[in-house]
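Each remark here refers to the structure printed beneath this line.
The values are calculated or read from the model by the stated rules, or taken from the named source; none is laboratory data. Note that the structure is predicted; figures quoted are calculated from it, not measured. Using ideal geometry, Cβ is built from the backbone for each residue, glycine included, and neighbour counts are taken over all protein chains shown.
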Amino acid sequence: MAVAKITPKSEDYSRWYQDVIAQAELAEQAGVVKGCMVIRPHGFAIWEKMQADLDRRFKETGHKNACFPLLIPMSFIEKEADHVDGFAPELAIVTHAGGKPLEEQYCIRPTSETIIGHFFSKWISSHRDLPMLINQWANVMRWELRTRIFLRTTEFLWQEGHTAHATHAEAREEVYRMLQVYADFAREIMAMPVICGVKTETERFAGAIETVCIEAYMQDGKALQSGTSHDLGQNFGKAFDVQFQDTEGKRDFVWQTSWGVSTRLVGALIMTHSDDDGLVLPPRLAPIQVVIVPIFKKAEERAAVMEAACRIAAELRDDGLAVELDDRDEMKPGAKYYEWERKGVPLRIEIGPRDLQSQSVMCKLRIAAADERGRPKKLTLPMADLGLSVGKLLDEFQDFLYQRALDLRAAGSTSLDTWEEFSAAFEDDRSGFVYAHWDGTAETELAIKQETRATIRCLPLEGHGPAPEPGKCIKTGQPSERRVLFAKNY
RNA sequence: CGGGGAGUACCUCAGUUGGUAGAGGAGUAGCUUUGGGAGCUACAUGCCGUGGGUUCAAGUCCCAUCUCCCCGACCA
């Protein structure tokens, strides 16, 4: 029986990643538009769950949503020197409209600091207008040379927070507050542990004075930058003349921040939890948390089983769970099991004639140990108070996934002190999180990258990575105050 | 943007020295089935990526171009 197969991770991780996305019907290459993807309903539903939770967190921290134009005048992009240097190679530019060449060309937004800077200068005149706390859910476009579905596509969806403050201290508080929001979201909702840290100058956002990030550990040992938060200083304030009068009547430029996460998070989710059987979703992000598969042979069994299945579905929905009752007649139960497992549904409930007798149901979690006969272990739960017991199972599964991801990261993380060990750790396809000393120079950073393909993902913040201790640079032997995080990255 | 590979049915692919386009799966209809990927019968399914060229004749040969995949460089 030829069934579409998922390439095992051990054989080819990149193929596995693409197979999981195809088999779970998350997304596909647009094909007709270079480097762009179509996010299919199941993939988009996951993004919507992410959006809903993040949006709540943004509002709880005082931000309001707005929406700015997709097209940005080229002159805007050019106003901030570092910004234009960073983004110029990736811009898609609109040269014609209405059948005529445009007097001033537009680029399709690669990010919105410039156009938002323009409007901030109109909206802000007094310290009373500050802080200005804006978020935008939008699509952006960056003309990437090499694309990977969800991880790096020409067009992607994201949110970009943009804020303006009266003091640098206040802006920096915002930068770190939002970084923490991202880290909390990753841990609590995605069940994905992250390392919070500061980017080196090389990796900093074009136009920022400091970039902080959350870095996640993928199953193959590579790092994925999963969110960034930038201290823009007064760079854009000066470029767009965003000034305010303080309480003493003095004029000053605002201090700005920006921060974002994108549909890349869906890729992060896949490479954190999924396995050779397909997608694995943490319950808090699963568009379908529970699927019910009814089982019957004869018509009279069917009626009784369906009646019970509908009742259970309604009860679970009343308890706030997202439930799918798979009542398709044309498909046998086994085929349904495989399909919903590929799609990552955390819990399956099977209900058949035997269960009606015993007033219980069979449950199987998406990741289950094998029983004595090598079959995935199933649990029997009584029908009474099923919502409670299922809710508990899902909570435990969410915790299990986080702990498993944390353990995997711990197993793939080391602190190294010699160049021999360090370069061996990144030989061939090897990667992992390596904490090592660095002399703080861009030259050394580049030399290490060229020799090992590992880069400095971040300078971990306090509480992330090993405790600070002085040492000697892994490459040059120069003194170093603390270890930094090295890894290959996506 | 450099190096490699590939585009033929919805999917995975076969297609010989150039001679009327194929298989398996999926799909549709019917029957039979249902506690871990069922079976039989019938029916559909094509701008052979696109554009040019060579030829009596091109999926096949030549040129160009687009897209995807892998490995780098560049980047969320």
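List of remarks:
- Of the residues A:E307, A:E315, A:E330, A:E324, the single one that is under 19 Å from A:T380 (Cβ atoms) and either outside the structural domain of A:G267 (by TED's automatic domain parsing) or not in a loop (DSSP other than H, G, I, E, B) (or both) is A:E315.
- Region A:1-19 - residue that is near RNA strand B (Cβ under 7 Å from one of its atoms) and in a loop (DSSP other than H, G, I, E, B) and, of those, modelled with the highest pLDDT: A:K5
- Matching entry among A:A216, A:A164, A:A186, A:A191 (being over 18 Å from the mean Cα position of the chain (by Cα) and either among the hydrophobic types (A, V, I, L, M, F, W, C) or not in a helix (DSSP H, G or I) (or both)): A:A164
- Residues being within 15 Å of RNA strand B (Cβ to nearest atom) and over 19 Å from A:Y435 (Cβ atoms) - total across region A:179-225: 13
- Every listed requirement among (1) free of Cβ contacts under 8 Å to residues at least 40 places away in the same chain; (2) outside any loop (DSSP other than H, G, I, E, B); (3) in the same structural domain as A:S121 (by TED's automatic domain parsing) is met by A:L232 save one, (1).
- Candidates in region A:405-417 are the residues that are touching a residue at least 40 places away in the same chain (Cβ under 8 Å) and surrounded by fewer than 16 Cβ atoms within 10 Å (Cβ to Cβ); of these, the one that is farthest from A:Q357 (Cα to Cα) is A:D417.
- Only listed residue being within 12 Å of RNA strand B (Cβ to nearest atom), surrounded by 14 or more Cβ atoms within 10 Å (Cβ to Cβ) and farther than 20 Å from A:A268 by Cβ, chosen from A:A30, A:A22: A:A30
- Some residue of region A:311-322 being closer than 22 Å to A:K49 by Cβ, within 12 Å of RNA strand B (Cβ to nearest atom) and either surrounded by fewer than 18 Cβ atoms within 10 Å (Cβ to Cβ) or in contact (Cβ under 8 Å) with a residue 40 or more places away in the chain (or both): no
- Among the residues of region A:434-457, just one is of a type in the set (G, A, S), in a loop (DSSP other than H, G, I, E, B) and either more than 11 Å from RNA strand B (Cβ to nearest atom) or surrounded by fewer than 16 Cβ atoms within 10 Å (Cβ to Cβ) (or both), namely A:G440.
- 1 or more residues of a type outside the set (F, W, Y) and in contact (Cβ under 8 Å) with a residue 60 or more places away in the chain: qualifying strands (runs of 3 or more DSSP E) within region A:337-397: A:347-351
- Taking region A:53-76 as the range and being under 28 Å from A:M190 (Cβ atoms) and of a type in the set (A, V, I, L, M) as the test, the residues that pass are A:L54, A:A66.
- Of residues in region A:323-355 being within 6 Å of RNA strand B (Cβ to nearest atom) and among the basic types (K, R), the one nearest to the chain's Cα centre (by Cα): A:K332
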